[in-house]
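The values are calculated or read from the model by the stated rules, or taken from the named source; none is laboratory data. Values in this document were obtained by computation on a predicted structure and should not be read as measured data. All Cβ positions, even for glycine, are placed from backbone atoms using ideal geometry, and neighbour counts span all protein chains on display.
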Amino acid sequence: MSRYRFFYLVKIQFLGFRYSGWQKQPGQKTLEGMLSKTLKFVLPDQEIKILGASRTDAKVSALAYVFELFVTEPIANLTSFQELLNSNLPSDIRVTQITTVDRTFNIIQSPKLKEYVYLFSFGEKNHPFCAPFMANILVPLDIGAMKTAARCFEGTHDFKAYTARIRPGTKSIRTITKCYLERNTLFTANFFPTQSYLLHIISEGFMRYQVRMIMGALMQVGKGELSIADIRESLKKEYSKTLTYVAPGSGLHLKTLKL
């Protein structure tokens, strides 16, 4: 029988620029590692375990992420505990909500709808302060062609060309609900370039590097290295070529995660 008897769903935001993704890795600074360390400090007399809703790549950020917290003793006041946790976490991680769930809740198997956004600009070199949030492509991009190509990814397709090191049994046929590109109005700062852009992409699940490889292919379309026809061909089951360009992790943000 499990020793954990109390279960909480914790919603957080984080800037991923200085982390090697969510999952603990030996010798690496990760979000799971930082949160585990902080929780053990504020709950010194408890056994704890945390389980994230999904993995994230190095430097990827989130406006809305969730993890499940397992503890052996109840947390008396969730509001006070949230304040305590935030006061001990680094400034690039913030807890936004803590709620109670029961032992039947399964954060891994629970259906999810994820919306990622990818922030980028092109042309002139950005202010250095943009680096944690935004990819910067120094050559001209054809935004019109990229907008047309983005819509090609909507629907059910074979995305085996858009993941790293596909393994036997990997489900490469996925459905993308929405995929579109527009001018950025979500993120603002006085050091941002005059124009920047966002790719929005929504699905129940993504393979490793899938969103960044889709963005990479769109950047290649913008440079004239791939055509709209190439994108359509890449989504067919019989497509056998390898796409190799992975867009930088720092431009990717998990915007929403609905359980």
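Is it true that LEU199 is in contact with a strand residue (DSSP E or B) (Cβ under 8 Å, 6 or more places away or on another chain), surrounded by 16 or more Cβ atoms within 10 Å (Cβ to Cβ) and under 23 Å from ALA145 (Cβ atoms)?
Yes.
Are any residues in region 83-113 of a type in the set (S, T, N, Q) and farther than 17 Å from LYS40 by Cβ, and if so, which ones? Passing the criteria: SER91, THR96, GLN97, THR99, THR100, THR104, ASN106, GLN109, SER110. Just one of the numbered conditions (1) within 17 Å of LEU257 (Cβ to Cβ); (2) under 17 Å from the mean Cα position of the chain (by Cα) is not true of TYR8: (2). Within region 130-139, restricting attention to residues that are assigned to a loop (DSSP other than H, G, I, E, B) and touching a residue at least 40 places away in the same chain (Cβ under 8 Å), the residue that is surrounded by the fewest Cβ atoms within 10 Å (Cβ to Cβ) is VAL139.
Output yes when any residue across region 244-253 is in a strand (DSSP E or B) and either loosely packed, with under 14 Cβ neighbours inside 10 Å or not assigned by TED's automatic domain parsing to the domain that holds THR56 (or both), and no when none is. Yes, there is a match, as at least one residue in region 244-253 is in a strand (DSSP E or B) and either loosely packed, with under 14 Cβ neighbours inside 10 Å or not assigned by TED's automatic domain parsing to the domain that holds THR56 (or both).
For region 224-243, the set of residues classified as buried (at least 16 other Cβ atoms within 10 Å of the Cβ) and either acidic (Asp, Glu) or at pLDDT 95 or above (or both) consists of LEU226, ASP230, ILE231, SER234, LEU235, listed by residue number. Considering only residues in region 166-224 that are part of a loop (DSSP other than H, G, I, E, B) and hydrophobic (A, V, I, L, M, F, W, C), the one that is farthest from ARG55 (Cα to Cα) turns out to be PHE191.
Evaluated against (1) within 29 Å of GLN25 (Cβ to Cβ); (2) of a type outside the set (A, V, I, L, M, F, W, C); (3) surrounded by 15 or more Cβ atoms within 10 Å (Cβ to Cβ), ARG165 falls short on exactly one condition, (3). Report whether or not LYS125 is of a type in the set (Lys, Arg), within 19 Å of ASP230 (Cα to Cα), more than 18 Å from the chain's Cα centre (by Cα) and at pLDDT 95 or above. Against the criterion (of a type in the set (Lys, Arg), within 19 Å of ASP230 (Cα to Cα), more than 18 Å from the chain's Cα centre (by Cα) and at pLDDT 95 or above), LYS125 does not qualify.
Within the bounds of region 120-137, is there any residue that is assigned by TED's automatic domain parsing to the domain that holds GLU32 and charged (D, E, K, R)? No, region 120-137 contains no residue that is assigned by TED's automatic domain parsing to the domain that holds GLU32 and charged (D, E, K, R). For region 117-129, the criterion of being surrounded by fewer than 16 Cβ atoms within 10 Å (Cβ to Cβ) and of a type in the set (Val, Ile, Thr) is met by no residue. Within region 178-192, restricting attention to residues that are of a type outside the set (A, V, I, L, M, F, W, C) and surrounded by 13 or more Cβ atoms within 10 Å (Cβ to Cβ), the residue that is farthest from GLY144 (Cα to Cα) is LYS178.
What number of residues within region 140-159 are under 13 Å from LYS223 (Cβ atoms) and in contact with a Phe, Trp or Tyr (Cβ under 7 Å, 6 or more places away or on another chain)? Of the residues in that region, 3 qualify. Contact map, region 170-189: first residue farther than 20 Å from PHE129 by Cα, second residue exposed (fewer than 14 other Cβ atoms within 10 Å of the Cβ), Cβ cut-off under 6 Å, separation 6 or more or different chains; pairs are THR175/THR156.
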